[in-house]
Amino acid sequence: GAKNLGKNSYHVFTREMDDRVNRRMQLERDMRQGLKRDEFMVYYQPKIDLANKKISGMEALVRWVRLDGTVVSPMDFIPLAEENGLIIDIGARVLDKACAFLRILDEGPHAGLNVAVNLSPEQFRQEDLVEMVRRTLDIHDLSPDRLDLEITESTIMRDIDDTVYKLNQLVAMGIRISIDDFGTGYSSMYYLKKFPIDTLKIDRSFVRDICEDPNDANIVQTITVMADNLGIKVVAEGVETVEQQELLTSFGCQQVQGFLFSPPLPAPGFEEYLTGFETRSGEG
Ligand code: C2E
Ligand code: MG
Ligand code: MG
Ligand code: MG
C-alpha cells in the first residue's frame with residue numbers, strides 16, 4: 001500500500017539523482033578531454049553597421065565540436081564549466097583563437113576588423129584576468145583597441161567594486177566594454193557612470209516582437225535614445241527580419257546582429273561571408 005509506494009518513490013528518486021550526478025561527471029571528464037584535444041572551436045557572427053552598410057566587427061561564440069562531429073551549444077556546457085572552473089581555460093582558449101583569427105584576417109582583404117569576446121562572471125574571480133588578456137593581445141601583437149569584451153549586468157552586480165576595478169584596468173589599456181543582454185539583468189544602471197561603457201547590446205527578447213508589441217518597441221527606442229544621450233553605442237541582438245531592421249533604423253539604432261545577416265559561422269565560412277558581403281554592397 002502507501003508504505004510500499006513511499007519506499008519505491010524514494011528509490012526512484014535516488015536513482016535519478018545518481019544518473020544526474022553520473023551524467024555531470026561524465027560531461028566534466030569529456031570537457032577536460034575536449035580541452036586537451038582542442039575541441040572548443042570559435043564561430044563568428046558579424047555585427048552590421050546599417051548607417052554605412054559595413055561590417056563593423058564580429059562576435060566570437062564558442063562551440064564544442066566533439067569527436068563524433070556533434071556541435072554542442074554553449075548553453076549546454078558553459079553553466080557546468082562555470083561551476084567546475086573549466087570556464088577559465090575555455091575562456092582563455094576562446095580569446096586566443098579569436099585573436100589568432102583576427103591576425104589571419106589582417107593579412108587578407110578584410111584587415112582591420114574588431115572582435116568581441118564574451119566573458120563569464122567566473123572569469124572576473126580570476127585574479128590574473130587582466131594579465132591574461134594583456135598577455136594574449138601581446139602574443140598576437142594586437143592593439144587593445146581591436147578587442148571588445150562583452151559582459152552582462154549580473155557580472156557587474158556580483159562584486160561591483162572588484163569588477164569595476166578590473167574593468168577600469170581593461171578600459172585603461174584601450175579595450176572596449178559592451179553590456180550584453182542589456183535590459184534582462186538586475187540593473188540599477190548605477191554602473192553606467194562607474195566606468196566608460198562603449199556599447200549596450202539590447203537583448204534579443206526585446207527585439208523579437210518590436211513589430212507587433214508597442215511596449216517592446218518603446219523599450220528598444222528608449223534604450224537607444226538614452227544610450228545616445230550618454231554617448232554609448234547600441235547594438236540590437238537577434239534581428240531576423242527586414243521589418244525589424246527598418247524599425248530599428250527609424251529608432252536610430254545603427255548596429256545590428258542577427259540571423260537576417262548571418263548566423264555564427266566557423267572561421268572559413270565567416271571569411272566567405274565577408275567576401276560575399278563586400279561584393280553585394282559593392283553592387284548595391
Ligand atoms: P550572447 O553573447 O548574447 O550571444 C548571442 C546569442 O544569440 C548566440 O547564441 C547567437 O548564436 C544567438 N543569435 C544571434 N542572432 C540570432 C538571431 O537572429 N536569432 C536567434 N534566435 N538567435 C540569435 P549562442 O552562440 O548559442 O550563445 C549563447 C550564449 O552563450 C551567448 O549569448 C553567451 O552568453 C554564451 N557564450 C557563447 N560563447 C561564449 C564564450 O566564449 N564565453 C562565454 N563566457 N560565454 C559564451
Ligand atoms: Mg555576447
Ligand atoms: Mg547577448
Ligand atoms: Mg544572450
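The values are calculated or read from the model by the stated rules, or taken from the named source; none is laboratory data. Note that the structure is predicted; figures quoted are calculated from it, not measured. Cβ placement follows ideal geometry from the backbone for every residue including glycine, while neighbour counts extend to all protein chains displayed. For accessibility, only protein heavy atoms count, side chains too; no ligands or nucleic acids. Shrake-Rupley method; radii C 1.70, N 1.55, O 1.52, S 1.80 Å.
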>> Restricting to the range 171-182, name every residue that is more than 11 Å from ligand 4 (Cβ to nearest atom) and either surrounded by 19 or more Cβ atoms within 10 Å (Cβ to Cβ) or assigned to a strand (DSSP E or B) (or both).
In response: 175, 176, 177, 178, 179
>> Tell me the residue from 233, 166 that is within 21 Å of residue 255 (Cβ to Cβ), at pLDDT 95 or above, more than 16 Å from ligand 4 (Cβ to nearest atom) and buried (at least 17 other Cβ atoms within 10 Å of the Cβ), please.
In response: 233
> Within the group 136, 199, which residue is polar (S, T, N, Q) and under 23 Å from residue 231 (Cβ atoms)?
Replying inline: 199
>> Let me confirm something: among 152, 163, which residue is within 16 Å of ligand 2 (Cβ to nearest atom) and at negative phi?
In response: 152
> When the range 112-144 is examined, which residues are found to be of a type in the set (Asp, Glu) and within 25 Å of residue 257 (Cβ to Cβ)?
Replying inline: 122
> Restricted to the range 236-254, and to residues that are open to solvent by 30 Å² or more (accessible area, probe 1.4 Å) and touching a Lys or Arg at 6+ places or on another chain (Cβ under 9 Å), which residue is farthest from residue 55 (Cα to Cα)?
Replying inline: 240
> Which of the residues that make up the range 255-274 are open to solvent by 30 Å² or more (accessible area, probe 1.4 Å), within 20 Å of residue 62 (Cα to Cα) and in a loop (DSSP other than H, G, I, E, B)?
Replying inline: 259, 261, 263
> Name the residues in the range 229-243 that are part of a loop (DSSP other than H, G, I, E, B) and not aliphatic (A, V, I, L, M), would you?
Replying inline: 231, 237, 238, 240, 241
> Just to be sure, is residue 96 more than 15 Å from residue 261 (Cβ to Cβ) and away from ligand 3 (no atom under 16 Å from the Cβ)?
Replying inline: yes
>> Yes or no: the range 136-144 includes at least one residue that is open to solvent by 40 Å² or more (accessible area, probe 1.4 Å), part of a helix (DSSP H, G or I) and within 16 Å of ligand 4 (Cβ to nearest atom).
In response: no
> Just to be sure, is residue 282 more than 16 Å from ligand 2 (Cβ to nearest atom), out of contact with any Phe, Trp or Tyr (no Cβ under 6 Å at 6 or more places or on another chain) and either in contact (Cβ under 8 Å) with a residue 12 or more places away in the chain or not β-branched (Val, Ile, Thr) (or both)?
Replying inline: yes
